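Undergrad: Sharing a structure with you now.
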Amino acid sequence: MPYSHLVSERIIMTPASERHWLRPPSDDRPTRFAYGADYNPEQWPREVWKEDVRLMREAGVTIVSVAIFSWARLQPAEDRWDFAWLDEVLDLLHDNGIAVDLATATASPPPWLTTLHPEILPVTHTGETLSQGARQHWRPTSPVFRTYALRLVETMATRYADHPAVVAWHISNELGCHNIYDYSDDAARAFRDWLRSRYGTLDELNRAWATSFWSQYYGEWDQIQPPRLAASHANPTQQLDFKRFSSDALKDYLRAERDVLRRITPRIPVTTNFMVMGETRGMNYPDWAEEIDFVSNDHYAHPGPQRLDELSFSAALTHSIAGGRPWFLMEHSTSAVNWQPVNVAKREGELARDSLVHVAHGADAVCFFQWRQSAAGAEKHHSAMVPHAGPDSEVFRAVAALGRTLEALTPVTGSVREPARAALVYDWESWWAVERDSQPSSLLRYRQEALDWYSAFLALGVRVDVVTTTADLTGYDFVAAPVLHVVPQALAGRLDAYVRGGGHLATTYYSGVVDENDHVHLGGYPGALRDLLGIRIEEFGPLQEDVDVRLDNGLTGTLWTDRIDLTDSGVTVLARYEDGDQAGRPAVTRRALEEGGSAAYVSTRLGSHGLPDVLGPLLSGAGVLSELPVGVRGQVELTVRTDDSHAYWFLVNRTDEPVVFEAVDGEVLSGPSPAGGGLVLPSRGVAVLRVASGATPFPHGQATA
Ligand code: GLA
């Protein structure tokens, strides 16, 4: 068996810092951006492979992810294996200087396995068993599936342990994309075990689940089920726990694959591709990140007015999930996808701009799905680096140009995104909790509210970090925590200490309402944050879909209002309702503490257009100002990466028009050449300026005007 002769000498745990895809142990090439794609050579005849590597070199490709959906090719029957083709592909790539992020190939079980063991198929909450025939049709908790999958992982790891092309392991693919919620009997058993370890006793579970409501008392563990289709609203804490459990169950599966890989190839770093994007919420990624050696993310842009804001928001969140370390953009698209209702092509400049926004937020690798556009199969209308039209195409030319841009940006690799002075808190538990059934409003969208706040920061030209509730907030001058609904006492204490320490907090409607068991903090809303905010709310005032309310500062609110009473003399009313049921009452409040901090509350949805008017003064009050020249704020997104000696200022034109910087200092690493001391950023263009660390490219006076 090739490549495995050194395995026994390698069973030594390597520190995580040494397991990095940019610096495989045997590699002395200079560090540079990784660039590439998912590569699926099994879809093509051998003759195409040579052409593939030739074009990869032309495009500046340095890495490809291989074998992601190859299980049926690698193991065509239970006792038959075929690695010859993969050996050949890896050798070919290596001979051409292209590294491999090798998949464990477990994402899509082959038909022989589902025929032999239909009990690995997932079951929906209505009791239907999903069939084979697409992908990811496996139960995260199936012991049978795990046995077969880990056997494949072990075989792959042993075979390719010493292949010089392999610089990283790619566990499965987008874990949970299609199978996060499984309601099978396997899941029921695992759910009970999970509950036993969370609660210890049935008494504790009955208390947490408030089972005295609707006669749900459990006398035996075996009586507990996943929240399958029921006659009415399922127990809300059971629903929340099932979400926590489902994320943990897949995390446990991830660890199982990882442990096999670490045992056999301790020096090869392990990753799996997260989906920090859009409404993908099933997997609590901040809680998964520690399990792998480096964070990878897949991102697909969603058309609409906040397309680019959402992309930037996801990249900023990925940066914080990665703990501030460089991360890997494992997939995005060169142009259209195939799975949206209408799949629009990217416009000129978007391929590069989308990629560079991820880089600005700390990605040190830029990869696409996929290398060559499939000629057949469900994704044949999904764009790729080599489109159906072939290399003589705008897409391929843009791909090759991006390869050159990334090369020009080589000095940026390894630098880290500089922390902002403001943070936006993003909380998976609140996301899960507020979008269940039986809420004051079914119209509330957690991520949309958070994204609207992020858009407001962008509109004001103020850099912001997107952090989770476990982040250390003390370094931030301003923290926004919209719809922070689930607030355990410990979190309430930390927010209180943050404000008492001089920090400035802003939160919104439906925050502070419940604890970790989804029990209401009694005595009036916003529950755990009531005293800190200096307000008390007796009843929520959600609005029907077609109703809006006017505020006396000229803004319009939708979705929600609150009946606010002030309870602290330090509270100022920043805006009042002018009409609707709360007319005359406070709509936006701010409590100033003697210690210097403040706590603001926004009781209605102001949206991405209204929020800047409220956020701007709150930021000024916290001393947080834009670092951009006045004239370009809102049109340009600013992100800064730094290393020991330099700062790299990423200026991203968010508009379809050129943006003019009257005066800039610094060396342009990539982007338009400076002219007359200034710089014109073309429509959708990106410039990366290098300055000494601590310096600004904008001459004195522009930034704070
Ligand atoms: C996901 C998957 C890929 C492919 C793309 C298409 O990201 O990981 O295999 O299906 O979506 O957008």
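Undergrad: Of these, 228, 189, which one is open to solvent by 40 Å² or more (accessible area, probe 1.4 Å), in a helix (DSSP H, G or I), away from the ligand (no atom under 16 Å from the Cβ) and modelled with pLDDT of 95 or more?
TA: Answer to the selection: 189.
Undergrad: Need the failing condition index for residue 153 against (1) within 16 Å of the ligand (Cβ to nearest atom); (2) open to solvent by less than 30 Å² (accessible area, probe 1.4 Å); (3) under 24 Å from residue 100 (Cβ atoms); (4) touching a Ser or Thr at 6+ places or on another chain (Cβ under 7 Å), just the number.
TA: Evaluating residue 153 over (1) within 16 Å of the ligand (Cβ to nearest atom); (2) open to solvent by less than 30 Å² (accessible area, probe 1.4 Å); (3) under 24 Å from residue 100 (Cβ atoms); (4) touching a Ser or Thr at 6+ places or on another chain (Cβ under 7 Å) leaves (1) as the failure.
Undergrad: So which of 295, 270 is of a type in the set (A, V, I, L, M) and either open to solvent by 20 Å² or more (accessible area, probe 1.4 Å) or in contact with an Asp or Glu (Cβ under 8 Å, 6 or more places away or on another chain) (or both)?
TA: Of 295, 270, the one residue that is of a type in the set (A, V, I, L, M) and either open to solvent by 20 Å² or more (accessible area, probe 1.4 Å) or in contact with an Asp or Glu (Cβ under 8 Å, 6 or more places away or on another chain) (or both) is 270.
Undergrad: Right, next: With the requirement that a residue be closer than 14 Å to residue 537 by Cβ, touching a residue at least 40 places away in the same chain (Cβ under 8 Å) and part of a loop (DSSP other than H, G, I, E, B), what does region 570-609 give you?
TA: Once the filter is applied, which keeps residues that are closer than 14 Å to residue 537 by Cβ, touching a residue at least 40 places away in the same chain (Cβ under 8 Å) and part of a loop (DSSP other than H, G, I, E, B), region 570-609 yields 581, 582, 603, 604.
Undergrad: Ok, one more. Scan 183, 217 and give me the residue that is open to solvent by less than 40 Å² (accessible area, probe 1.4 Å) and either within 30 Å of residue 71 (Cβ to Cβ) or more than 16 Å from the ligand (Cβ to nearest atom) (or both).
TA: After ruling out the rest, the residue left standing is 183.
Undergrad: Just to verify a result, which residue in region 157-174, among those that are part of a loop (DSSP other than H, G, I, E, B) and open to solvent by 10 Å² or more (accessible area, probe 1.4 Å), is nearest to the ligand (Cβ to nearest atom)?
TA: 174
Undergrad: Taking only region 326-353 into account, find how many residues are in contact (Cβ under 8 Å) with a residue 60 or more places away in the chain, of a type outside the set (Lys, Arg) and either within 14 Å of residue 396 (Cα to Cα) or open to solvent by 30 Å² or more (accessible area, probe 1.4 Å) (or both).
TA: Within region 326-353, residues that are in contact (Cβ under 8 Å) with a residue 60 or more places away in the chain, of a type outside the set (Lys, Arg) and either within 14 Å of residue 396 (Cα to Cα) or open to solvent by 30 Å² or more (accessible area, probe 1.4 Å) (or both) number 6.
Undergrad: It is to be established whether one or more residues within region 354-369 are more than 27 Å from residue 462 (Cβ to Cβ), open to solvent by 10 Å² or more (accessible area, probe 1.4 Å) and at pLDDT 95 or above.
TA: yes
Undergrad: Restricting the search to region 411-442, which residues are of a type outside the set (Phe, Trp, Tyr), in a loop (DSSP other than H, G, I, E, B) and touching a strand residue (DSSP E or B) at 6+ places or on another chain (Cβ under 9 Å)?
TA: Result: 413, 414, 415, 418, 419, 420, 421, 427, 440, 441.
Undergrad: Within region 638-654, which residues are under 19 Å from residue 476 (Cβ atoms) and open to solvent by 10 Å² or more (accessible area, probe 1.4 Å)?
TA: Within region 638-654, 638, 642 qualify.
Undergrad: Quick test for you: out of 102, 113, pick the one residue that is under 27 Å from residue 35 (Cβ atoms) and surrounded by 21 or more Cβ atoms within 10 Å (Cβ to Cβ).
TA: That would be 102, the only listed residue that is under 27 Å from residue 35 (Cβ atoms) and surrounded by 21 or more Cβ atoms within 10 Å (Cβ to Cβ).
Undergrad: Output the residues belonging to region 143-201 that are of a type in the set (D, E, K, R), without any contact (Cβ under 8 Å) to a residue 40 or more places away in the chain and within 18 Å of residue 255 (Cα to Cα).
TA: 151, 193
Undergrad: How many of the residues making up region 67-95 are open to solvent by less than 40 Å² (accessible area, probe 1.4 Å) and either away from the ligand (no atom under 16 Å from the Cβ) or not small (Gly, Ala, Ser) (or both)?
TA: Matching residues across region 67-95 total 13.
The values are calculated or read from the model by the stated rules, or taken from the named source; none is laboratory data. Because the structure is a prediction, the values reported are computed rather than measured. All Cβ positions, glycine included, derive from the backbone under ideal geometry; neighbour counts span all protein chains shown. Only protein heavy atoms, including side chains, enter the accessible area calculation; ligands, DNA and RNA are left aside. Shrake-Rupley method; radii C 1.70, N 1.55, O 1.52, S 1.80 Å.
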